[in-house]
Amino acid sequence: MNRVMARTKALLALVLALAIGMLAFLGNYMVNSGNWVHGTVSAGVPEKEKLDRGQIADRDGNLLLDLRDDRTYASAVALRKATIHWLGDRQGNIHAPLLQEYSREITGFDPINGVYAYGDTGGQMILTLSAKLQMAALEAMGDYKGTLAIYNYQTGEILCAVTTPTYDPDNMPDISGDTTGAYEGAFINRFTKSTYTPGSIYKIVTMIAALESLPNLETMEFECTGLVEYGDDKVTCERVHGKQDIKTAFMNSCNCAFAKLSEHVGGIRLERFAKQLGLLDALEFDGISTTPGHIQSANQADVSVAWSAIGQHKDLVNPASFLTLVGAVANGGIGQKPYLVEHIQCGLESTYQAKPVQTQRLMSSQAAAKLTEYMRNNVVNYYGEEQFAGFQVCAKSGTAQVGGGKDPNAMFTGFVVDEDYPFAFFVAIEDGGYGRHVCVPVLEKVLLACREITN
């Protein structure tokens, strides 16, 4: 009898263990089955994110990439070069995280039905990018290295984001053997993965901190003699601006005025606002994580705080994050997170639809309105309205010293005030020189192309 009872208990223990194992497997299956199907050992994604089904098109339905048969890219060479940093190449040199992020939706996978893509073709992913703008931006950038991006600050749609240098995935050059430097950094998506010394475009951040912290800012007076001395150190300005109010100092991009302004705001507060404005954290969208920025002004020497407020010292900003900040200025203080994937259709079923996401309030509506006024004044009374394709533009230029015997990086950012064209833009041209002189002619060509696309 004891032997029977012992065997019964053993059998019950085995049944219980089997039941627990089955439940654990089912739970694991429901959570991870998509990863198993689309893992690197799967036929769906054999290696380096290479799905074998699905198509990717721009906002107007222009084919950018067919994932079948070892990939078929767009027919136009310029379009292939302009989009490779989003779609990746065949060798896996350029990371394309959105393909991995939406692999289930492209193949039409769910845990119940498995992969149900019709006719082995997969789904169609529609991006927010405009093929026309991508090619216009690539042509405008020419031989410059850097990035140019435009996004809708009301919805978050990335309409254009080009990285240079680039190459044709159907005719890949010998990048590893290149000794000219023409392809330096060609595998990096500069919009999401680079950081730049911002130069004077960072005065936008210092202005926000000052507008939010100094009630008497507009009545303050700043005198520029060409330099501000800090013991043995100094901050210099390109020319003597004399007495100015803050609006004029911002238009003149006066380093001396902003050095003095940094003394009123303080390094701790300047760094806190950089954090509040989203510049020190990675921005997440469509499986993409941008490179965080870096600001070091808290508990620093006065001269270091001054240079940081001007956009030098150890300041680094990511283009995508800074573009989101500029969009928030245009949008009354609330940012709109950028996104690239509009929707995915697999057969008769929509497997993904983008939902625009706002940031927290980054600044007060009053600060955003006043900064918009000042940035508009820059264009009207300094840059010249005639240079912006007939758009009502608010902007700030920057000339970022990078050292090492290199020419400064040219920077330019801002937005269009127009309900039909709610566009914010960011331009960075490496070793370009003066921001206004170099970036504005490049930007104007892309703004002209903007008139040909619909929101």
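Would the stretch 340-350 turn up any residue that is free of Cβ contacts under 8 Å to residues at least 60 places away in the same chain, in contact with a Phe, Trp or Tyr (Cβ under 9 Å, 6 or more places away or on another chain) and either assigned to a loop (DSSP other than H, G, I, E, B) or open to solvent by less than 10 Å² (accessible area, probe 1.4 Å) (or both)?
Yes; the residues of the stretch 340-350 include at least one that is free of Cβ contacts under 8 Å to residues at least 60 places away in the same chain, in contact with a Phe, Trp or Tyr (Cβ under 9 Å, 6 or more places away or on another chain) and either assigned to a loop (DSSP other than H, G, I, E, B) or open to solvent by less than 10 Å² (accessible area, probe 1.4 Å) (or both).
Consider the stretch 238-263. How many of its residues are open to solvent by 20 Å² or more (accessible area, probe 1.4 Å), farther than 19 Å from Ala367 by Cα and in contact with a helix residue (DSSP H, G or I) (Cβ under 6 Å, 6 or more places away or on another chain)?
2
I'm told Ile334 meets every condition in (1) out of contact with any Leu (no Cβ under 6 Å at 6 or more places or on another chain); (2) closer than 23 Å to Ala410 by Cβ; (3) at pLDDT 95 or above except one. Can you identify the failing condition by its number?
Here Ile334 meets the rest and fails (2).
Does the stretch 429-436 contain at least one residue that is touching an Asp or Glu at 6+ places or on another chain (Cβ under 7 Å), in a loop (DSSP other than H, G, I, E, B) and farther than 17 Å from Leu148 by Cα?
no
It is to be established whether one or more residues within the stretch 208-224 are out of contact with any helix residue (DSSP H, G or I) (no Cβ under 8 Å at 6 or more places or on another chain) and either open to solvent by less than 20 Å² (accessible area, probe 1.4 Å) or closer than 20 Å to Met363 by Cβ (or both).
Yes.
Any idea which residue in the stretch 374-403 is surrounded by the fewest Cβ atoms within 10 Å (Cβ to Cβ), counting only those that are assigned to a helix (DSSP H, G or I) and of a type in the set (Ser, Thr, Tyr)?
Tyr382
Please specify each residue of the stretch 404-435 satisfying the condition of being over 21 Å from Thr324 (Cβ atoms), open to solvent by less than 60 Å² (accessible area, probe 1.4 Å) and out of contact with any Cys (no Cβ under 8 Å at 6 or more places or on another chain).
Pro408, Glu430, Gly433, listed by residue number.
When the residues of the stretch 187-209 are filtered to those that are over 17 Å from the mean Cα position of the chain (by Cα) and either at pLDDT below 95 or among the polar types (S, T, N, Q) (or both), which remaining residue is farthest from Leu261 (Cα to Cα)?
Looking at residues that are over 17 Å from the mean Cα position of the chain (by Cα) and either at pLDDT below 95 or among the polar types (S, T, N, Q) (or both), I get Ser200.
Give the residue, chosen from Thr155, Thr121, that is surrounded by fewer than 21 Cβ atoms within 10 Å (Cβ to Cβ), at pLDDT below 95, out of contact with any His (no Cβ under 7 Å at 6 or more places or on another chain) and among the hydroxyl-bearing types (Ser, Thr, Tyr).
Of Thr155, Thr121, the one residue that is surrounded by fewer than 21 Cβ atoms within 10 Å (Cβ to Cβ), at pLDDT below 95, out of contact with any His (no Cβ under 7 Å at 6 or more places or on another chain) and among the hydroxyl-bearing types (Ser, Thr, Tyr) is Thr121.
Against the condition over 20 Å from Ile310 (Cβ atoms), surrounded by 18 or more Cβ atoms within 10 Å (Cβ to Cβ) and not aromatic (Phe, Trp, Tyr), how does Val357 come out, does it pass?
In short, no.
Are there any strands (runs of 3 or more DSSP E) wholly within the stretch 167-250 with 1 or more residues that are within 27 Å of Phe426 (Cα to Cα), and if so which?
Per the criteria, 233-236.
If you check Tyr183, Tyr153, which single one turns out to be in contact with a Gly (Cβ under 9 Å, 6 or more places away or on another chain) and touching a residue at least 12 places away in the same chain (Cβ under 8 Å)?
After applying the criteria, what remains is Tyr153.
Please determine whether any residue of the stretch 313-320 is of a type in the set (D, E, K, R), touching a Ser or Thr at 6+ places or on another chain (Cβ under 6 Å) and open to solvent by less than 10 Å² (accessible area, probe 1.4 Å).
yes
Considering only the stretch 146-178, state which residues are under 22 Å from Pro356 (Cα atoms) and in contact with a Lys or Arg (Cβ under 6 Å, 6 or more places away or on another chain).
Gly156
The values are calculated or read from the model by the stated rules, or taken from the named source; none is laboratory data. Predicted, not measured: the structure shown is a model, and the values here were computed from it. Please note: Cβ atoms are built from the backbone with ideal geometry, for glycine as well, and neighbour counts cover all protein chains shown. Accessible surface is based on the protein model in full, side chains and every heavy atom, while ligands, DNA and RNA are left aside. Shrake-Rupley method; radii C 1.70, N 1.55, O 1.52, S 1.80 Å.
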